[in-house]
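Below is one structure; the comments refer to it alone.
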Amino acid sequence: RPQHPPIVGAAAAEEAATNVRSVAPATEEMASSVDEISRQVQESSTIASAAVDQARKTNDRVGELARAAARIGDVVELINTIAGQTNLLALNATIEAARAGDAGRGFAVVASEVKALAEQTAKDTGDISQHIHGIQAATRESVGAIKEIGDTIGRMSEIASTIASAVEEQGAATREISRNVQQASSGTTQVSSNIVDVQRGAGETGSASSQVLSAAQSLSGESLRLKTEVGRFLDSVRAA
């Protein structure tokens, strides 16, 4: 019976060691998963940063397009102004040719052609101006949209960086847990081994105690027998 507690203790320690050993691979796998998540988050952050840079460059290009459209608009406006002045001059020339009578008839034809050309030019420049205004409006909308996209990606990049930091901290904690579990596994294994040694020593001690008890009992029997023999001897001496 004195040996039962060590047996129970050894079994409990072995069970604890087994449980800890079964947890150790899970913590290692969790640490590996955290590292993989950290890598993916870092990669996402890098991609987001690259996207922000690309959006900024695209915004700059669209801005250049807007400025080019504005310059074209200025040129079109100048052409339209010149066409208007030409039309006015052609009208005046037509009036003067009419006053000149037959002598100004040929000049009147030329003035009429110039007037028609000026009117057509004004019409064409008006169409071009409308297209330019449309391009400028679309460009402004594109600039705004790209800016919003860049801001959104920037916020995503910040969030990804925050997540990466949190995951890195979690990874460090997980690795620490894994180390502690490994140490606990080693400790419980050592405890189990020590309990087995104690059990073995207790068994040996119990065996030795049994031998001593047996010897003591035998010695006690011999002492009792010797006492009886001595008593008989003394009785026989007295009788003589």
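Can we say Ile132 is at pLDDT 75 or above and surrounded by 12 or more Cβ atoms within 10 Å (Cβ to Cβ)?
For Ile132, the condition - at pLDDT 75 or above and surrounded by 12 or more Cβ atoms within 10 Å (Cβ to Cβ) - is met.
Can you say whether Val143 is over 40 Å from the mean Cα position of the chain (by Cα), among the β-branched types (Val, Ile, Thr) and assigned to a helix (DSSP H, G or I), as far as the supplied structure shows?
no
Hey, can you tell me all the residues within the stretch 109-127 that are surrounded by 17 or more Cβ atoms within 10 Å (Cβ to Cβ) and not polar (S, T, N, Q)?
Taking the stretch 109-127 as the starting set, the residues that turn out to be surrounded by 17 or more Cβ atoms within 10 Å (Cβ to Cβ) are 111, 114-115, 118, 121-122, 125.
Those that are surrounded by 17 or more Cβ atoms within 10 Å (Cβ to Cβ) and not polar (S, T, N, Q): Ala111, Val114, Lys115, Ala118, Ala122.
If you scan the stretch 147-167, which residues turn out to be aliphatic (A, V, I, L, M) and more than 16 Å from Glu43 (Cα to Cα)?
Answer for the stretch 147-167, where residues must be aliphatic (A, V, I, L, M) and more than 16 Å from Glu43 (Cα to Cα): just Ile149.
Starting from the stretch 106-134, take each residue that is in contact (Cβ under 8 Å) with a residue 60 or more places away in the chain and list its partners that are part of a helix (DSSP H, G or I) and hydrophobic (A, V, I, L, M, F, W, C), counting only C-beta distances under 8 angstrom and pairs at least six apart or across chains.
Hits for this filter: Ile132/Ala69; Ile132/Ile72; Ile132/Val76.
Just to be sure before I move on: is Asp60 farther than 30 Å from Asp127 by Cα, at pLDDT 75 or above, more than 14 Å from the chain's Cα centre (by Cα) and not basic (Lys, Arg) in the structure I sent? So that I can check it myself, show each step before the final result.
On the way: farther than 30 Å from Asp127 by Cα: no; at pLDDT 75 or above: yes; more than 14 Å from the chain's Cα centre (by Cα): yes; not basic (Lys, Arg): yes.
No: the conditions fail for Asp60.
State which residue pairs qualify: first residue within 15 Å of Lys123 (Cα to Cα) and inside the stretch 71-94, second residue exposed (fewer than 14 other Cβ atoms within 10 Å of the Cβ) in any location, beta carbons under 7 Å apart, and separation of 6 or more residues or different chains.
Correct list of pairs: Asn80/Gly126.
Tell me whether the stretch 70-91 contains one or more residues that are exposed (fewer than 12 other Cβ atoms within 10 Å of the Cβ) and under 30 Å from Ile146 (Cα atoms).
The answer is yes, given that some residue of the stretch 70-91 is exposed (fewer than 12 other Cβ atoms within 10 Å of the Cβ) and under 30 Å from Ile146 (Cα atoms).
The values are calculated or read from the model by the stated rules, or taken from the named source; none is laboratory data. Predicted model only: the values in this text are computed from it and were never measured. With ideal geometry, Cβ positions are generated from the backbone for all residues, glycine too; neighbour counts draw on all protein chains shown.
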